[in-house]
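Take a look at the structure set out below.
Computed from the coordinates by the stated procedures, all read-outs in this text should not be read as laboratory data. Keep in mind that what you see is a predicted model, and the values were worked out from it rather than measured. Note: ideal-geometry Cβ built from the backbone for every residue, glycine included; neighbour counts use all protein chains shown.
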Amino acid sequence: MHGFRIVGQSTIATAGFLQLADVRVEGPDGAVHRRSVVRHPGAVVVVPVTDDGAHVLLVRQYRVACDRALLEVPAGKRDVAGEAPEATARRELEEETGHRARSVVALAEFFNTPGFCDEYTYLFAALGLEVLATRDTQTAEEAAMEIETVPLADVGRLIADREIVDAKTIIGLLLTQAHLAGGS
């Protein structure tokens with residue numbers, strides 16, 4: 001085993017949905033170390049695939065942490081108590097793209113930045129899209145999002161050209177391509 005164990009923790013600060021914790025960890029040698037950890041409620045990522053299987057819907061949205069707009073797959077926080085990850089994925093797909101999926105396929109789960117944050121993400125592909133009458137946006141960023149239809153054949157180039165630089169989007173698009181090709 002790894003030989004580390006958490007022996008105590010306290011909340012340093014809370015900001016919106018995030019908490020900053022001071023975590024005390026005992027190492028294999030018995031020494032206690034302090035680490036700062038960001039506590040996050042978790043997230044979902046959903047890759048909407050058009051019925052032709054050759055395109056995906058992405059959103060271009062402003063991200064304040066980067067101070068720029070990024071091309072991303074729809075995603076959102078798991079901030080509704082008791083809501084299953086698949087239900088969160090379906091809700092975020094509707095809010096961000098105005099589409100409903102007939103089916104969602106679980107592709108992966110991953111920690112986003114485990115060096116300092118416990119955010120855990122569930123990744124889905126959304127298939128059989130149907131357009132809703134309206135898009136129920138929840139935030140100013142969602143209302144300003146631009147929805148773009150992107151050929152899956154262009155994904156490699158978009159990543160190489162750094163037009164897509166968001167990790168969850170890269171993971172989601174590559175795993176969706178593999179799934180559609182019969183690889184997962």
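The table that follows gives values for the structure above.
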| item | result |
| --- | --- |
| Sparse-neighbourhood loop sites, trypsin sites (Lys or Arg not before Pro) in region 98-179 - DSSP loop, at most 16 other Cβ within 10 angstrom | Arg135, Arg162 |
| Helix-only mean residue ellipticity at 222 nm for the chain, each DSSP H run of n ≥ 4 adding -39500 (n - 2.57), per residue, nearest 500 | -6000 deg cm²/dmol |
| Kirkwood Rh and Cα Rg combined as Rg over Rh, evaluated for the chain | 1.03 |
| Long-range amide H partners of Val165 with built H, under 5 Å | Leu71 |
| GluC sites (Glu not before Pro) restricted to region 140-169 and DSSP loop, no more than 16 other C-beta within 10 Å | Glu163 |
| Where chymotrypsin sites (Phe, Trp or Tyr not before Pro) in DSSP loops with at most 11 other Cβ within 10 Å are excluded, longest remaining stretch of the chain | 18-115 |
| Inter-label distance, nm, simple model (7 Å from Cα along the C-beta direction), Asp22/Arg162 | 3.9 |
| Long-range amide H partners of Thr50 with built H, under 5 Å | His55, Val56, Leu57 |
| Projected label distance in nm at His33 and Glu86, using a 7 Å step from Cα toward the beta-carbon | 4.0 |
